[in-house]
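The values are calculated or read from the model by the stated rules, or taken from the named source; none is laboratory data. Treat the numbers as computed from the prediction; the structure is a model and nothing was measured. Heads up, the Cβs are rebuilt from the backbone with ideal geometry, glycines too, and the neighbour counts pull from every protein chain shown. Just the protein is used for accessible areas: all its heavy atoms, side chains included, with ligands, DNA and RNA removed. Shrake-Rupley method; radii C 1.70, N 1.55, O 1.52, S 1.80 Å.
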Amino acid sequence: MKHIKNKIVCGALSLCAAMSLSSCGNDFLSEDPSHLYTDKLLETEEGALQMAAGLYANIRWHFGYEWAYGVTLYGCDEFTNGADLTAEPWNTYDSRLNPLDCTPALGAANKNCPGVSALWDQMYYGISTANLVLSKSGNLSDPETRNKVIGEAHFLRGYNYYRLFAQYGGVVIQTEAANSEIKKDYTRSTAEQTLNQVIADFEEAYTHLPTTKWRGNGTWTKYTAAHFLAKALLFRQSERCSDWNSAYNKTEDLNRVIALCDEVIAACPLAKDYADLYAKWTGINCANEGLSEILMCAEHNGDASTVGRFGNRTYNYFSPQFSNFSNSWVKRGAYIGEMDFQRCRPTEYAYSVFDNVNDARMWKTFKTVYGLNNIAVTKNDTLKDESGKPVLDEKGKVKIKGAYYDREKVAKDNGIELSQVPELGDQGIIFILNKKSDTRFNGEPYGTFGRGAQAHTFVNPETGKWVPNAFPLFMNGEYVLFNYGTSGKTSTSNVFCGINKTADGTRTAEKGDAHRDVIMARTGETYLVKAEAQVRLGQYQKAIETVNELRARAQWKKDEKRDYYTDGSMSFTTAAGGDADNSISSNKSNCTGLDNDGYTTSMTMGEAFKISNLNKNTYYLSTGIAKTTDASNLQIASYTNLPEEDEAILAAIGATGDYERMLNFIFNERTRELLGEWNRWEELSRAGLLIKRAKAFNPEAQNITEGKHELRPIPQTFLDMLQNPDGTNLSVEQKKAMQNPGY
């Protein structure tokens, strides 16, 4: 990503507040924090482009804190909560999910619970700024500059209204610049009016934006607008709009969706390797951040002045609490690309939806092996003289040579042979992603499974070594992974196999901000938008053909090493493929190494990185197939004969008839392609699948209620600030009329 030396504007107060513009951080630009900007900046070509560039700051908010996953991934079929309950109400749909922001005083586990007002407020900040930019764009005489400014402003306004509509339904539409006016007599538009505003803005963005990433990586282009315009038109023909969308020609809308998707697919082809998108992230502004497939991202870099309020916190949310359950055999640190905040625990569905033999996406997404980076069982050794007698110090006390690895205790405690005791750099944690039908571990022929604090005897048949933490998905035809958690409750397990799409080895502090961009839209999703439009037109076999194009990338290629794994941790050192060595790689780590005599010594971060990241997965142990370098096949011949993984899911939710089966198939494929990519709740709500799939696959979401939880509550903070035109406050009845059903 190249830097553009511009000043930016990121602030405009939301509805019911005065307009205020100031400089704020966005790594898309290098800012000048000493300056304050007014609308006069929009009266020159250069100033207008500077102001429009500030619009990009608004989207980085989405990934700076707990709302990143709370409002997008919780309460669905793919993820549930781990033992950490920071955003629990968003997953369980209990009474704490209401128009009031959930604070500790109102039952939140801590002060970080995402507020229902957060998305609402932040989207209106961006809308207000976009309105200002549009109001002044007519001052620009240069057509090229004017078109870019208009296109970017319409895109952000359309995107923000899209997010508001997807979460809340009909909202307040404001398309005029506030011009410092304090207005409080807003009315709520209908869902139809709101979505039509979204479509109109995306149409304008599609018309005005250029086709090139002229600002550098992260630039919104004509194809970014085309992708979201297609999504908005698909939304209009989806189940959530069924009470009013008959007024719009279904065939015309859906054919337009297909045409827009074809345009994007032709101009922005898929990355060659699925791993290039997320796993092979080699460092700040690396080459893979410029892949043609990436249509929209929230940009980040290593410039401290561009971090903004929160920076990129997404690396915290997808890993199990390995430092807790591993019993110190695996310690965390910046040399491991993620923090173990255990927010998003994959459901049984999220694992089972994959063909674990033939679908490479599974093994390029899930992290199944952690290296043993710490000696957890040590004891002190008495220093002895040549005759074998203890050596005494000047006070007559026995001298201690040092702590050493007590291999005998490990062997005795876990019922294994001394030769099976692991060393540093062996496997410290493994997850076996097997199938329900797998009988290889019934009766535990390779030993009993368990976490580090539990005595267990599992010896990996591939290595001949005991693994301190070893967990299968299934045994005896039952899903068992979640039962290994330290809480003793299946509903709050901290043991799960996490995903790697946010890992970042360039962090210079364990809890420091990540520096990688966050992908918000890509052509992989465009294929699935097109396929869903074809399903809605009854073109089921054409939809299969579209999905097959996407699945072709997901197949193992000939000579591809199936048990190889990497993730964004690789950016920690050049030796691992990173673009530069992390500045802390020579610092001392919190792990312990062994010298040649087996005694503990301190190691560097770089050494800890090497033994923590083994570039291995459990593919062969999980599948039981013989080693192979053959290509795999994920192609589907007919919509009447779907893969067995899909058939099992369709049976679980009782899907019948071609349309219902194929619509759910598309959403299964969305999981395989887009797992954890920040839009699951909105997509399920749109298609009328949220309630059924959450109830079927998320055990913690059983409070979800039809006719209520398809929408979020309108924030009480907004309703309480509204006034009638005469300046009086809204009555209780008026506020209730503005609120969504059930809240």
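Each principal axis of the Cα cloud of the stretch 584-743 was evaluated for its coordinate range; sorted largest first, these ranges are 83, 52, 24 Å. Note on the stretch 454-608: dipole from Cβ charges, positive end direction compared against Ala575, Gln534, Gly505; the farthest Cα belongs to Gln534.
Explain nothing, just the number: dipole magnitude of the chain about its Cα centre with +1 on each Lys and Arg Cβ and -1 on each Asp and Glu Cβ, in debye rounded to the nearest 20.
Numbers: 80 positive and 92 negative charges, 180 e Å.
Approximately 860 debye in magnitude.
Taking the 0 to 90 degree range and rounding to the nearest ten, how far is the long axis of helix 250-267 tilted relative to the main principal axis of the chain, both from C-alpha atoms? Around 60 degrees separate the two axes. Near Glu66, once Lys and Arg are set to +1 and Asp and Glu to -1 for all other residues with Cβ below 13 Å from its Cβ, the sum equals 0. Nonpolar atom fraction for the chain, defined as the carbon and sulfur part of the 1.4 Å probe accessible area, stands at 48 percent.
The Kirkwood hydrodynamic radius of the stretch 372-467, based on inverse pair distances between different Cα atoms, is 15.9 Å.
So what is Rg over Rh here for the stretch 616-704, counting just Cα atoms and using Kirkwood for Rh? Can you show the working numbers first?
Values: Rg = 15.7 Å, Rh = 15.3 Å.
That ratio is 1.03, to two decimals.
For the stretch 82-106, backbone nitrogen atoms closer than 12 Å to the point 7 Å from Lys708 Cα along Cα-to-C-beta are found at 93-99. Whole-Hz Karplus values for the stretch 100-114 come out as 8, 4, 7, 10, x, 5, 10, x, 6, 5, 7, 6, 8, 4, x Hz, taken residue by residue from phi with 6.51 cos²θ - 1.76 cosθ + 1.60 and θ = phi - 60°; glycine and proline positions read x. When the Kirkwood radius is taken over all Cα pairs of the stretch 44-195, what Stokes-Einstein diffusion coefficient follows at 10 °C and 1.306 mPa s, in µm²/s? So the translational diffusion coefficient is about 92 µm²/s. Restricting the stretch 625-730 to GluC sites (Glu not before Pro) that sit in a DSSP loop and have at most 12 other Cβ atoms within 10 Å of their own Cβ leaves Glu706. Put simply, the amide H of Val480, placed in the peptide plane, has neighbours under 5 Å in Phe474, Met475, leaving out anything fewer than 5 places away on its chain.
The charge dipole of the stretch 626-680, taken about its Cα centre with unit charges on the Cβ of Lys, Arg, Asp and Glu (plus for the first two, minus for the last two), comes to roughly 140 debye.
The length gained by stretching the chain between Asn729 and Thr629 to full extension, at 0.36 nm per residue less their Cα-Cα distance, is 29.0 nm. Relative to the dominant Cα principal axis of the chain, helix 143-168 is inclined by about 70°. Between the helical axis of 658-674 and the longest alpha-carbon principal axis of the chain there is an angle of about 60 degrees. Compared with the rule-of-thumb size 2.2 N^0.38 Å for a compact globular protein, the stretch 348-397 has a Cα radius of gyration ratio of 2.65.
Expressed as a fraction of 2.2 N^0.38 Å, the rule-of-thumb size for a compact globular protein of N residues, what is the C-alpha radius of gyration of the chain?
The reported ratio for this selection is 1.01.
With q set to 0.14, 0.18, 0.20, 0.24 Å⁻¹, the log10 of I(q)/I(0) for the stretch 183-290, from the Debye formula over equal scatterers at the Cα positions, is -0.72, -0.96, -1.06, -1.26. Mean sequence separation of contacting Cα pairs (under 8 Å, at least six apart), scaled by the length of the chain, corresponds to a relative contact order of 18 percent.
If you take all C-alpha pairs in the stretch 418-560, what percent of them are over 23 Å apart? Taking all Cα-Cα pairs of the stretch 418-560, the fraction more than 23 Å apart is 61 percent. Close amide H pairs (under 5 Å, H built 1.01 Å from N) link Cys297 with Met520, residues at least 5 positions away or on another chain. Cα extents for the stretch 286-390 along the principal axes, largest to smallest and rounded to whole angstrom: 74, 44, 26. Just so you know, the Rg over Rh for the stretch 657-743 is 1.15, from Cα atoms, with Rh as the Kirkwood radius.
At 1.4 Å probe radius, can you tell me the per residue accessible area of the chain in Å²? Before the final figure, lay out each step's value.
Details: 26860 Å² over 743 residues.
Normalised by residue count, the accessible surface of the chain is 36 Å².
With all pairs of different C-alpha atoms in the average, the Kirkwood value for the hydrodynamic radius of the stretch 127-226 is 14.1 Å. When only alpha carbons are used to place a centre, the stretch 189-221 and the stretch 486-526 end up 29 Å from one another.
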